[in-house]
């Protein structure tokens with residue numbers, strides 16, 4: 001891959017009932033991974049299409065087990081996954097589009 005690899009964390013959201021109709025969320029660390037984390041250019045966003053239009057970063061990482069409802073953490077911030085692509089379905093690498101959690105008022109999926 002092109003660029004310097006950075007470490008990022010993969011979290012799963014655990015929701016626990018609070019007994020009053022709501023719930024509390026905790027993030028459970030599943031693993032740490034490495035990949036190239038990039039700010040997408042306007043040209044790159046246009047190439048990737050709708051999924052990338054609203055993302056803050058794209059992570060280029062080896063083909064790994066990741067679900068759309070996981071949370072990505074790096075640089076002290078948490079990000080929701082807004083899209084995952086497997087280019088040409090070659091299972092060579094993944095492109096994971098992520099958006100800052102603070103921009104998403106709700107993480108409900």
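Packing here is the average count of other Cβ atoms within 10 Å per residue, and on that basis the peptides 16-29, 64-77, highest first, run 64-77, 16-29. With a simple spin-label model that places each label point 7 Å from the Cα along the Cα-to-Cβ direction, the separation between residue 16 and residue 30 comes to 2.1 nm.
Quick note: the coordinates plus some simple rules give every number you see, no bench work behind them. Keep in mind it's a predicted model, so treat the numbers as computed, not measured. Cβ: placed from backbone, ideal geometry, glycine included. Neighbour counts: every protein chain shown.
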